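*Asks:* Below is a structure I'd like to ask you about.
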Amino acid sequence: MAVLVCAGLLAAGGASGANSRTRAVAQTFTVNIDAANKSANESFLSYFPSTVRVHAGDTVIFNELGDGEPHTVTLGTLTDKVVAAFDKLTPKQQQQAPPASFVRLDATVPSLLPRGPGDAIQSVANPCFIDQGTPSTKGPCVKVAQPDFTGQQAYYNSGWLVSKDKFTVHLSSATAPGTYRYMCALHREGMTGKIVVAPSGTDVPSPSTQFAVGQHTLAASEAKLAPAVRAERQGKPPIASLKVPGQNVVLAGSGSPAVNEASIDEFGPKLIKLPVGGSVTWYLLGGHTITFNANKTENDIRSTAPDGSVHLNAKAISRANSPGEPPGTSSNGQSTGPITFKVVTATRWNGRGFHNSGLFLNSGPPRIEGYKITFTRAGTYKYICTVHDNMKGTVVVG
Ligand SMILES: [Cu+2]
């Protein structure tokens, strides 16, 4: 069992000479997690800015702005080691075949969500601060008050953040100059950042200057995604030469080959009309659901228990009144070959009651999975993705 940090002890331990390392006035820096583009529903697997330069004693406020895509801010020496090892891999190892030694090291920072069914890993989904050792993947983390960040803690984790959540990191005045890495425990090495603690006596750019750098990066990503947004709203994939087969097709999510670190979380087109007995096929790009008639206990993948602990909401991600995604359709790890579209689930629905495709996990290039519903009764059917807020569409039948 890990030894838990006592903030008071650490502060006392670092007190000698702390004054000489500390600026007269502590500053507060802001880092946004993900972003909220007003003109398109999108998620960005990035921190803005991804590097923040501070002094010991300063504060970094992480602001979650995403549209429901889960993120964490996971600091600590475990993350430092994992990211440093990842940086030494070849591009091919990073993308497809990391060595077993890296896989073992990587597992010391558990993922937010399990591979396959089950609850969110509790020591990741909830705030967790561990001085030494590794977080449990079996049970909850022992609850402690959040200590100041010293750079020495093994695991210093925000928990699962959703839009408008904040995670405030006060750096101890004893934090040694150096680079402290953090990552999102779900998006892993694809979503990392750095807090660089500068020696006292050296200047760092102002909080507003550093924040502006992040917003500049974001604006560039948004601009690169814009053509794919325009295409998706017409039901077209981001690559003009790709033809989506069939009629009454809706893209569930999109993205751009020009932007790895972001995705479009919209249904395109948002409105589709067909006669009774007609069918709609959704092609899923990214982790989404097609969900009709969800009540408020079913419409969000994150749930909070009466004791305040955060969990994965099985009702939101599991199939209901639907065959769901068939097993064994994985195209994961097979990132080459021509892009194909294939209907993997076809079902009929009379428009009554809760209908959930469940989360489609195995859809992605090169094989894009299709989810087809034949509508047997006239009506106007609104639907959502339970993962992404404001990802909505309407099917009008009859
Ligand atoms: Cu979605």
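The values are calculated or read from the model by the stated rules, or taken from the named source; none is laboratory data. Since the structure is predicted, the reported quantities are computational estimates derived from the model, not experimental observations. Glycine gets a Cβ as well: all are built from the backbone with ideal geometry, and neighbour counts include every protein chain shown.
*Asks:* Tell me yes or no: at least one residue of the range 171-186 is under 15 Å from the mean Cα position of the chain (by Cα) and part of a loop (DSSP other than H, G, I, E, B).
*Replies:* Looking for residues that are under 15 Å from the mean Cα position of the chain (by Cα) and part of a loop (DSSP other than H, G, I, E, B), one finds at least one in the range 171-186, hence yes.
*Asks:* Give just the number: which of (1) of a type in the set (D, E, K, R); (2) more than 30 Å from Leu285 (Cβ to Cβ); (3) buried (at least 16 other Cβ atoms within 10 Å of the Cβ) does Lys143 not satisfy?
*Replies:* Against the list (1) of a type in the set (D, E, K, R); (2) more than 30 Å from Leu285 (Cβ to Cβ); (3) buried (at least 16 other Cβ atoms within 10 Å of the Cβ), Lys143 comes up short only on (3).
*Asks:* Given the conditions (1) buried (at least 19 other Cβ atoms within 10 Å of the Cβ); (2) more than 30 Å from Asn390 (Cβ to Cβ); (3) of a type in the set (Phe, Trp, Tyr), report the number of the one that Phe102 does not fulfil.
*Replies:* That leaves (1) as the condition not met.
*Asks:* I'm trying to understand the selection: among the residues of the range 359-380, which are of a type in the set (Ser, Thr, Tyr), surrounded by fewer than 20 Cβ atoms within 10 Å (Cβ to Cβ) and touching a residue at least 40 places away in the same chain (Cβ under 8 Å)?
*Replies:* Thr374, Thr376
*Asks:* Only one residue in Ala228, Ala240, Ala258, Ala314 is over 17 Å from Asn390 (Cα atoms) and not assigned by TED's automatic domain parsing to the domain that holds Val343. Which one?
*Replies:* Sole residue among the options that is over 17 Å from Asn390 (Cα atoms) and not assigned by TED's automatic domain parsing to the domain that holds Val343: Ala228.
*Asks:* Then there is this: For the range 333-364, which positions are on the phi > 0 side of the Ramachandran plot and either at pLDDT 95 or above or aliphatic (A, V, I, L, M) (or both)?
*Replies:* Gly351, Gly353, Gly358
*Asks:* Follow-up. Quick test for you: out of Leu45, Leu89, Leu75, Leu112, pick the one residue that is farther than 21 Å from Phe129 by Cα, under 18 Å from the mean Cα position of the chain (by Cα) and among the aliphatic types (A, V, I, L, M).
*Replies:* Going through Leu45, Leu89, Leu75, Leu112 in turn, the sole match is Leu45.
*Asks:* Could you please find all residues in the range 347-381 being more than 13 Å from the ligand (Cβ to nearest atom), touching a Lys or Arg at 6+ places or on another chain (Cβ under 7 Å) and within 29 Å of Gly66 (Cα to Cα)?
*Replies:* Arg367, Glu369, Gly370 - these are the residues of the range 347-381 that are more than 13 Å from the ligand (Cβ to nearest atom), touching a Lys or Arg at 6+ places or on another chain (Cβ under 7 Å) and within 29 Å of Gly66 (Cα to Cα).
*Asks:* Scan the range 60-71 and tell me whether some residue there is under 27 Å from Leu218 (Cα atoms), touching a Cys at 6+ places or on another chain (Cβ under 7 Å) and buried (at least 19 other Cβ atoms within 10 Å of the Cβ).
*Replies:* Checked against the condition, which is being under 27 Å from Leu218 (Cα atoms), touching a Cys at 6+ places or on another chain (Cβ under 7 Å) and buried (at least 19 other Cβ atoms within 10 Å of the Cβ), the range 60-71 yields at least one hit.
*Asks:* Right, another one. Under 8 Å between Cβ atoms, at least 6 apart or on separate chains: pull out the pairs that start in the range 92-116 with a residue that is farther than 27 Å from Arg302 by Cα and end on any residue that is small (Gly, Ala, Ser).
*Replies:* Gln95/Ser335; Gln96/Gly333; Gln96/Ser335; Phe102/Ala85; Leu105/Ala85
*Asks:* List the pairs whose first member sits in the range 61-75 and is in contact (Cβ under 8 Å) with a residue 40 or more places away in the chain and under 15 Å from Ser158 (Cα atoms), whose second member is among the basic types (Lys, Arg) and in a strand (DSSP E or B), and whose Cβ atoms are under 8 Å apart, counting only residues at least 6 apart or on separate chains?
*Replies:* The qualifying pairs are Ile61/Lys166; Phe62/Lys166; Asn63/Lys166; Glu64/Lys166; Pro70/Arg302; Leu75/Arg181.
*Asks:* Moving on to the next point. Look at Asp203 and say whether it is out of contact with any Cys (no Cβ under 7 Å at 6 or more places or on another chain), within 16 Å of the ligand (Cβ to nearest atom) and charged (D, E, K, R).
*Replies:* It is false that Asp203 is out of contact with any Cys (no Cβ under 7 Å at 6 or more places or on another chain), within 16 Å of the ligand (Cβ to nearest atom) and charged (D, E, K, R).
*Asks:* When you scan the range 34-120 for strands (runs of 3 or more DSSP E) that lie fully inside it, which ones turn up with 1 or more residues that are out of contact with any helix residue (DSSP H, G or I) (no Cβ under 9 Å at 6 or more places or on another chain), among the aromatic types (Phe, Trp, Tyr) and in the same structural domain as Lys194 (by TED's automatic domain parsing)?
*Replies:* Qualifying strands (runs of 3 or more DSSP E): 59-64.
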